[in-house]
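The values are calculated or read from the model by the stated rules, or taken from the named source; none is laboratory data. Quick caveat, the model's predicted, so the values are computed rather than measured. Cβ: placed from backbone, ideal geometry, glycine included. Neighbour counts: every protein chain shown. The protein model used for the area step is the full one, side chains on, heavy atoms only, and it has no ligands, DNA or RNA in it. Shrake-Rupley method; radii C 1.70, N 1.55, O 1.52, S 1.80 Å.
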Amino acid sequence: MNEVKCVCGHVNPHGTILCESCGRALTDEARKGKLHDMRYEGSARRSQTYNKTFIDKTWNFFSSVKVGIWLIVITLIASALGTIFPQVMYIPPNVDPAQYYGEQYGTLGQIYYWLGLHDLYSSWWYLLLIASIGVSLVICSLDRVIPLHRALKNQRVDRHEGFLKRQRLFNRKEANISDGDIEKFEKALKDKKYNIRVEDGNILAEKGRFSRWGPYVNHIGLIIFLIGGMLRFVPGMYVDEVLWLRDGETKTIPGTNNEYVLENKKFTVDFYDKEKDKEVYNSALEKAGPVVKEFKSDVVLYKRDPEQTLGSESDLVEVQKAKIIVNEPLKFDHFAIYQQSYRSDEFQSMTFTLMNKKQEKGYGDVTIDLFDPKDSYDLGNGYKVELVGYYPDFSGFAENGEPQTNSPNPNNPAFVFNMISPEHPKGEVSFTAIRQTVEPLGETDYKMTFKGIDTRNATALTVRKDMTLWILGVGGAIFMIGVIQGSFWMHRRIWLQRKDGEILIAGHTNKNWHGLKKDISDLIKDTSIPDVIDQTGENKGKESGNT
């Protein structure tokens with residue numbers, strides 16, 4: 001594409017409507033217009049100039065404001081659809097999502113899973129939408145800010161007459177203005193904080209140019225914010241996991257790459273006491289019953305010694321002891337562990353007695369650790385109990401008679417025992433659950449009799465790490481700076497030229513035309529300089545929204 005050389009000698013990029021230097025109209029359409037469209041100062045935008053190659057078409061597509069708005073709308077709709085049913089992290093951990101959504105929510109659930117809405121914020125197409133919004137913001141900004149900057153940088157004081165008379169605020173008058181009037185005008189401009197350039201008796205006064213960059217500062221803030229949001233999916237940048245720890249239990253902290261381990265020494269819950277706490281609570285306690293006052297976890301944080309073998313007794317080095325209380329997390333190495341919830345009196349182990357039904361005689365006790373059950377328990381003298389099946393959260397029998405479990409948590413334990421005795425060396429099979437015993441292979445001579453249960457508390461801790469917060473904060477701050485910059489200031493320009501015995505005065509602003517007109521009226525007070533006239537007429541408001 002050839003460049004366009006103006007009569008004034010300035011070489012403009014192809015597609016420029018108004019000469020960047022003198023403001024002369026370079027197209028027939030601009031010459032015929034009653035008012036100039038001053039968005040981007042009439043300078044050429046790439047998207048309106050080139051449309052041949054694939055790169056051009058891609059650039060033009062993403063430079064469209066309509067495309068950007070539609071991308072945002074589609075993303076918002078997708079985000080809303082993702083809240084119809086629970087996300088995959090909130091369904092039971094031991095179930096297949098493909099089956100779960102269909103069984104729980106029918107056809108809609110199957111469609112929900114098929115579209116990837118069950119894991120929306122990690123799905124490739126949702127991340128692609130976010131990335132597309134970012135690309136749109138970048139291209140939209142570059143497509144507009146580069147020509148705008150070039151045009152504002154190249155503008156001369158002496159502008160073409162056609163440029164001045166096509167400004168919304170304009171007037172001309174045959175007059176011979178004295179140097180004293182010009183000096184008064186310049187002084188008034190300085191008092192109003194205008195930047196003044198004077199050439200050959202012509203004046204260009206300007207202030208608030210920085211406000212023109214407000215929308216693009218907004219875009220920069222949004223782009224940084226989107227980058228921060230997408231970085232949350234990069235391993236190691238963001239962790240938000242729940243860690244369940246029972247009293248005395250030690251587990252590796254998720255998200256730490258097996259580097260840190262946490263031990264729960266003891267979990268305690270304190271309740272409000274009518275006798276010890278303030279009397280003001282008494283009436284509420286009588287109505288509500290026991291109310292939790294505080295719950296906390298006494299923990300020990302360990303770090304693995306890289307020089308020791310993983311899993312050995314000496315590979316853990318104590319880092320610190322801490323109490324994790326609500327709103328008082330344990331913090332270390334960019335991680336924070338918060339007290340979230342708890343389960344009191346959770347089943348830990350169950351004890352059964354192998355009993356002869358007729359003789360009602362016991363032949364030994366079997367204690368089953370509900371979190372680490374053994375396959376068999378030898379009671380001696382030919383008596384043995386084998387654990388054939390374990391169902392931590394028994395929910396009933398399937399159509400084929402197989403026992404089912406809802407979760408791996410021991411909320412309603414059930415067992416299938418094979419009871420071996422001298423009379424039955426191959427064993428007798430019995431299904432035993434709380435308040436339920438089934439003998440699937442016929443009546444047995446022996447049974448497993450419930451003897452007792454041990455419980456312990458379990459604490460729910462939230463493990464969080466967010467290396468993107470400062471990026472999100474910077475993006476949000478820059479966005480707000482752009483909002484303030486573009487909302488509370490305006491770019492105002494006033495031209496005063498003397499040509500062939502005439503005085504030409506014109507003004508332009510990107511917003512608040514009434515304020516600019518009042519400015520000019522105040523500036524020319526007590527001088528012979530003519531006041532500007534608002535030329536909008538049928539074109540009223542055409543320029544009022546430009547940036």
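Quick notes on this structure:
- Residue match in segment 14-30 (condition: assigned to a helix (DSSP H, G or I) and surrounded by 12 or more Cβ atoms within 10 Å (Cβ to Cβ)): yes
- Subset of segment 376-393 (residues that are of a type outside the set (A, V, I, L, M) and over 17 Å from Gln348 (Cα atoms)): Ser376, Tyr377, Asp378, Gly380, Asn381, Gly382, Tyr383, Lys384, Glu386, Gly389
- In this entry, Ile55 passes the filter for residues that are closer than 20 Å to Leu142 by Cβ, assigned to a helix (DSSP H, G or I) and free of Cβ contacts under 8 Å to residues at least 24 places away in the same chain.
- Residue match in segment 229-236 (condition: open to solvent by less than 40 Å² (accessible area, probe 1.4 Å) and modelled with pLDDT of 90 or more): no
- Checked against (1) modelled with pLDDT under 95; (2) under 43 Å from the mean Cα position of the chain (by Cα), Ile478 meets all criteria but (1).
- Ile337 meets each of the listed conditions (1) within 17 Å of Gly248 (Cα to Cα); (2) at pLDDT 90 or above apart from (1).
- Selection from segment 75-132 of residues that are of a type in the set (Ser, Thr, Tyr) and in a loop (DSSP other than H, G, I, E, B): Thr83, Ser123
- Residue in segment 100-156 that is most open to solvent (accessible area, probe 1.4 Å), counting only those that are of a type in the set (S, T, N, Q) and touching a His at 6+ places or on another chain (Cβ under 8 Å): Asn154
- Test: residue in segment 44-58 that is small (Gly, Ala, Ser), at pLDDT below 90 and under 30 Å from His491 (Cβ atoms): yes
- Strands (runs of 3 or more DSSP E) fully within segment 360-419 counting 3 or more residues that are over 19 Å from Glu439 (Cα atoms): 361-369, 376-380
- In segment 1-11, the residue that is nearest to Leu152 (Cα to Cα) out of those that are outside any loop (DSSP other than H, G, I, E, B) and at pLDDT 90 or above is Val11.
- Note on segment 497-523: among residues that are in contact with a helix residue (DSSP H, G or I) (Cβ under 8 Å, 6 or more places away or on another chain) and over 15 Å from Met38 (Cβ atoms), the one that is surrounded by the fewest Cβ atoms within 10 Å (Cβ to Cβ) is Asp522.
- Among the residues here, Tyr272 qualifies as surrounded by 12 or more Cβ atoms within 10 Å (Cβ to Cβ), over 28 Å from Met237 (Cβ atoms) and either modelled with pLDDT of 65 or more or not charged (D, E, K, R) (or both).
- Scanning segment 41-82 for residues that are surrounded by 15 or more Cβ atoms within 10 Å (Cβ to Cβ), of a type outside the set (Val, Ile, Thr) and within 33 Å of the chain's Cα centre (by Cα) returns Arg45, Arg46, Ser47, Trp59, Asn60, Phe62, Ser63, Ser64, Gly68, Leu71, Ala78, Gly82.
- Restricting attention to segment 430-462, the residues that are open to solvent by 30 Å² or more (accessible area, probe 1.4 Å), without any contact (Cβ under 8 Å) to a residue 60 or more places away in the chain and among the aliphatic types (A, V, I, L, M) total 3.
- Among the residues of segment 492-530, those that are more than 22 Å from Ile177 (Cβ to Cβ) and over 34 Å from the mean Cα position of the chain (by Cα) comprise Thr509, Asn512, Trp513, His514, Gly515.
- Which numbered condition Glu399 misses (of (1) out of contact with any strand residue (DSSP E or B) (no Cβ under 7 Å at 6 or more places or on another chain); (2) buried (at least 18 other Cβ atoms within 10 Å of the Cβ)): (2)
- Glu20 within 18 Å of Leu142 (Cβ to Cβ) and modelled with pLDDT of 90 or more: yes
- Residue pairs meeting the criteria (Cβ under 9 Å; at least 6 apart or on separate chains; first of a type in the set (Asp, Glu), in segment 86-109; second open to solvent by 30 Å² or more (accessible area, probe 1.4 Å)): Glu103/Val95
- The condition (being open to solvent by 70 Å² or more (accessible area, probe 1.4 Å) and either touching a Lys or Arg at 6+ places or on another chain (Cβ under 6 Å) or at pLDDT below 85 (or both)) is satisfied by just one residue among Glu241, Glu279, Glu318: Glu279.
- Single residue of segment 407-417 satisfying the filter (of a type outside the set (A, V, I, L, M) and open to solvent by less than 20 Å² (accessible area, probe 1.4 Å)) that is farthest from the chain's Cα centre (by Cα): Phe417
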